[in-house]
1. Take every residue in peptide A:166-175, count the Cβ atoms of other chains within 10 Å of its Cβ, and give the average of those counts.
2. If I take R0 = 45 Å and measure r between the Cβ atoms of B:Tyr778 and A:Arg109 in this structure, what FRET efficiency does the formula 1/(1 + (r/R0)^6) give, to the nearest 0.05?
3. Pop the C-beta distance of B:Arg1077 and B:Lys1144 into the FRET formula with R0 = 41 Å and round what comes out to the nearest 0.05.
4. Treat every Asp and Glu Cβ in the range B:601-744 as -1 and every Lys and Arg Cβ as +1, leave all other atoms uncharged, and give the resulting dipole magnitude about the Cα centre to the nearest 20 debye.
5. When the chain is fully extended, how far beyond the present Cα-Cα distance does A:Lys251 get from A:Arg120, taking 0.36 nm per residue of separation?
6. Loop only by DSSP, 13 or fewer other Cβ within 10 Å of the Cβ. Give me the GluC sites (Glu not before Pro) in the range A:103-179 that pass, ordered by residue number.
7. Apply 1/(1 + (r/R0)^6) to the Cβ-Cβ distance of B:Leu335 and A:Ile192, taking R0 = 30 Å, and write down the FRET efficiency to the nearest 0.05.
8. Mind jotting down the distance between the C-alpha centroids of the range B:628-665 and the range B:936-1012, whole Å?
Amino acid sequence: MELRIRGVSKRYPNGVQALHDVSLTIPPGMYGLLGPNGAGKSTLMRILATLQDADEGSIHLGDLDVLARKDEVRKTLGYLPQEFGVYPKVSAEELLDHFALLEGIGERRARREIVEALLRQTNLWDVRRQKLGGYSGGMKQRFGVAVALLGDPKLLIVDEPTAGLDPAERVRFLNLLSEIGENAVVLLSTHIVEDVSELCTRMAIIDRGEILLEAEPLRAVSELRGRIWRRVMSKAELPEAEREHAVVSTKLLAGRTVVRVHADSSPDNGFEPAEPDLEDVYFTAMAGHIGRRREQEAPAERVASR
Amino acid sequence: MRLAGILRFELAYQLRRAWPWLSMAVLVVFALVSTRVAIVPVTLPEDFVLNSPFIIASVTVFSCQIWLLVAPAVAGEAAARDVHTGMYPLVYASPVGKAEYLGGRFLAALLLHCLILLGVQLGSLLAVHGPGANPDVVGPFRPAAYLAAYGFIALPNALIATTMQFSAALLSGRPMAAYVGSFALFFLSYPVTVFLYISKLARPEIAMLSDPIGVFAIMNEMMSNWTIVEKNVRMFTLEGPMLINRLVWIGISLLVLAVVHLRFRFAHRTATDPVSRLLQRFRGTTPAPDVAAPARIAIAVPRVQGSFGMATRLRQTLAIARSSFRTIATSLPGLFLLAAYPAMLVLIMVIELQQWGVPLLPRTVEIVSRYLTFPITDPINYLVMVPLLVIFFSGELVWRERDVRLDESVDATPVPEWVLFLGKYLGLALVLVALMTMMTVAGVLTQTFRGYHDFEVDRYVTLLFGFQLPEYLLFAMLALAIQVVVDHKYLGQLVALVAYLLLIFADVLGIEHNLLVYSAGPAWSFTEMRGFGGSVGPWLWFKLYWAAWALLLAVAARLAWVRGRESGLATRLRAARHRVTRATMRTAAAAVALVLALGGFVFYNTNVLNAHVTDDELVRRRAEYERQYGTYEGKPQPANVHTELRVELYPARRAATMRGSYRLVNRHEVPIDSVHVEPAFYVDTRVTFDRAFRRVLADDVAGHHIYALDEPLQPGDSLTMGFDVRFERRGFGHGGLRSNGAGQAILENGTYLTGSALPVIGYQPLRELWGAEERREYGLPRQVTLPPPGDVDPGMAAGVPATFDAIVGTDDDQVAVAPGALRRTWIENGRRYFRYASDVPIGGMHVFFSADYAVHREQWKDVDVQLFLHPGHTKHVERLLRGVRASLEYYSAQFGPYPFPFLKLVEQPGNFFGMGVDGSGVITAGEGFFLLDPQGNGFDAIFEVVGHEMGHQWWAVQLKPAFAEGGGVISEGLAWYSAMRLVQHVKGREALRRFMSYMRQPNPWPQIRTGRPLLRAIDPWASYRKGPYAMYALSEYLGEDRVNGALRTLIRNKASSLATTVDLYRELEAVTPDSLRPLLHDLFAVNAFWTFDTERATAVRTETGAWRVTLEVEARKVVADSAGVENEVPIGERIEIGIFAPAKPGEVLGAPLHVQKHPIRSGRQTLTITVQERPDRAGIDPYNLLDWDEGDNIEPIEIEAPGDRADRERTS
């Protein structure tokens, strides 16, 4: 069962074009949606989670029309919103039980079992009786994960899930996701490249409502092999480098600037070959050196480097 | 200057929002409508000026009450938006000072409120100067009146309310808490103040202080103390209690602001609520910390698929209901509703369950129908809090997920909208069920505290859960559906409130039919005597009809339910279209079918089987009556001298026929060629004569028939007119028993039918329109409502009494009652018949009762005294009889013989209080009267009230007051005076004093100092209170015999004509010596008020063993004119000084040692009197003959050792 998104567009009343003709095919497994803030990730996620309508286009989960049959979609959907709150005066156990019932798990014993398993899974078992109002950001996030995992979802949509997690939690969570990805479509949106590179079998890069690149992370990286070059330079040299080369990213390293550029052959000038990683893929796509922007022959845009 | 910046930003922010403007719009409309239709109760049907300062101030006061409920969002937003949106860390960490931040926000909210309240004055102005205003009732434009109302009422209220709303929102961090602050003020201003005032728990001045908005404080002051003249011209300013009230509340507001400022911290807000903080402290444990998450391998999560059958849906609905209920029940307003509020009701009931100072039996029916139930469209007092809170809770529930940003998680779950909506609705319903349970508990507790143990829990359950709960449930559906459809927190509250106001004021706006006012219908009623009396059927049909509408509302709410991020109109319409499933269609179709079927059935009953006549239509008919037939006023008509009736009552099928005849005599000097007959409305009347006649006109709409006699009726000649009147219950009508009053109802047990169903002879001026406004509307000439007593033709004949002979038949297990002496009773065809007759002409209204009565019968001289009481209510037979016998004895001796050979006291079905006189020899007592439960101290009020009603057999029945000013003094005033003298005569002065202290209470008739003098009195205080006080004072100055003798003469002289206060005054003058003429004049002809105060009373023992008492007293006398200006005048009369021995247990005052009238002058003076026994208390006017305020007339005496006084005088 795969998720097919075809030509989806969304424009907000204030004129912002959140999505523009987005088409993606998402097979079972972990799928990463990578993009900067404001790229339209959350809009797409919410449309998939039945919480918003698309202006155009179609979305199908297997044979299921996601846009038209929201009720059916919700039965197989797990959703972790980017931002959410909880009832402060209710305990985690109670609220999760409530959600389990909303997910259709009517039988009390089954509900108790799954609530316990999920609370243990998300490491909230010891604090299950505590009121959610007293939870830290990470605990709340884990609680949200538990909610999203209820009801054995066939489509799991997690919007920026790792934002509030500490490194250990993040690892655990991503492991959990990939486990679920063995028999469900897991769509993970993030602006953290590592989330995708470590786990996702496929990914898409989205910016300003457009899909810039749809690829398998490993292959995308290997395709860049031999095309990424780096050089350490002083800050003063940077403007000239930016003029002459297709700069992918710049980073500060011990007071000097490390500049990475994209070039089919060695740009010389002190640049040395560099081993590409997914971050290079991301920035290269954003800068229009590969992917859709390049296909459109759009003028290369400078990417804000960090 | 940061303050100004914050203020400016906040103002600009909110002024761009819709709610301030919509709140203002609501106020403009409310003020406009309430000015135009004069929602403000005008005490008397006299002309008023639409833009008088009084109306402007009243409208401002009432609008403030509405504003309080409509506009709290303004302050809530200003105070708590930062916390609510989560922006507060940015603000709190900025270098802005606490005072600047709070000050700027608070002032912005205050300014906004001031702006919104301008809408009231705008509305008032539009009502007067806008299109459609009637120029006849518009006075000159006085800007000061608007400024005064705005400045003295609106602005202080803005400060007070902004403070409370702002503080509540700020401290809780939730903008919606502002509504809670508002509710608190509303609750204080209306229910609490009225309660304090009426219950006398606090003195009136204190009670007035508890009103933060001035609804009661200001309105009470103006309504009761301003004369009609003042109401039209007097400028509203703050003075007296009003000023103190404003100052106190402004002070409280400033104090609250100071406290809030001190308490407020720019600090992180933890999510814990006060309750858990408290529990925390109590338990002493800290929550377990988040254990470091080891990166272990995942545990398998059981893979459970959801099931989505009906069973799951049901479980989900119930789970949402439970959780909704819990949120509300544990919130502060929820706790108020379910705990504090019932507790307060217990307090109210325990205190209020008394009448005339006598405790009332806390019977379950009384408790439930008087305190715990009400039709939602007719809110009484404290119960109005329930619908207001239902509106608030609806908003909270609809916004519950979104408020904590859990909506995305919930909306993505596979739960249909109807489950979410229904779950919340059921949650709200559970709250109401809990409320009903708490109400039951409150009732039972009240009964327990009163030592009453016949709880009748099943009756609580039936009435509260079966009748009141559906009322609330219908409203809850409306409120919830509105919140869903409006989908804006503040606007939802506003729209729901406006909708509620429309329900309440629908009739004022001209929408009268209950089929058009959501959830309205005829009220049910339950009394011990008549049970539901057939009120359940109509109630149920209407409620079922509205339940069908509620189902439609639920369908609408499901379609309009906002799910997900988008709430634009287009999206919602699209979603709604999408949600129209077959099930929805079926439900909607079923609902529409039910609405049509039930509505059609109800309409068939109310408008086809029964005539539905709107108030407007009634007014039109009365206008028509006067216009078409007014020319016949004064046309010679024969007078009825004998009534014959055969009344057949069929209680079981609720029908009756009245067949009978009038013997009509021509008492005029000219022949009469046509008889004008006015049939009663809503009944079939057929008329025949015992001589040839022709029906010239039969207008059954306006109500006038003319029958031409072929052979005119010669002077002195007589004829017989036969008539046939039929009542048949056909289905049910538009009004219920409660709203119709008890009359006109033939019920299974407890029929009370009045003679107003019988035709009357001649044009009836009393059927004409009274109201100046209505008369103007129909182009009728202005009419003086009440002529001055001097304008009444002294020879004007009294309504001629007639002899009477009636046979009344009813079911064989009931007793029928009619006026007259019981001649015979027999059984015929399984029915029981009673023949009542009077050879003495009787007047007043003919009444017919039929019920399962317990009858008590005894003889007083040649008077046949009968009591007809509900079998369960016979506890007071002996007490009632004591009053009846004593009255007959004393009044016959004083005012002339009791003229009828019969006297009957009948229990009238219906839960109302008190007694009344229906005509000659008939006294009725409502079922409520039999709740009186006198305790051991001997005072039962029954004697006093019976004495008053018996007095009416002389005053009103024998001496008939003319329809003129002062008429109330003749009937009510003299009847109370008689009762006072009777009490003193039979029970002594102490008993009278105790009763007088209940008469002096401001409820139901507060003192009006600026009314007209007694001779031209029109207000109830003058008739019911000042009249008897003046008569009593006069009888103490002149002597009882002289005054009563004058009254006896008056009755004799006016046996066949109507009496006015002029006649009364003439007779009193005749027995008043010259020395007391000024006092008589001051009591009756002007508005004089005496104020006496004993400042200090001391006594010293003389060498002879006597006691020399020294009194320092102050005396004052003023004469008030109709504009309320008081002029001090010198006291010319002698005033009583009393010295009393120590009181024995149960006495208020001890035995009088010295009571004499002394010459007293205005101002401060010292009196010295010697008595033989040891005195305890002393004072001036100790029996309140002239100073009608009980207060500081009597003081305890300080006993001084000989010589003390001299010492003190030397040193001072």
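Bear in mind that the values in this text are calculations on the coordinates, not laboratory data. The shown structure was predicted, so the numbers you read here are calculated from the model rather than taken from an experiment. When we count neighbours, we look across all protein chains shown, and the Cβ atoms used for this are built from the backbone with ideal geometry, even at glycine.
1. 3
2. On the way: r = 76 Å, r/R0 = 1.70.
Calculated value: 0.05.
3. Using R0 = 41 Å, I get an efficiency of 0.55.
4. Computed charge dipole of the range B:601-744: roughly 600 debye.
5. Details: separation 131, 0.36 × 131 = 47.16 nm, distance 4.05 nm.
So the extension gain works out to 43.1 nm.
6. Taking the range A:103-179 and a limit of 13 other Cβ atoms within 10 Å, no loop GluC sites (Glu not before Pro) are found.
7. Working: r = 46 Å, r/R0 = 1.52.
Taking R0 as 30 Å, the efficiency between B:Leu335 and A:Ile192 is 0.05.
8. Here the answer is 34 Å between Cα centres.
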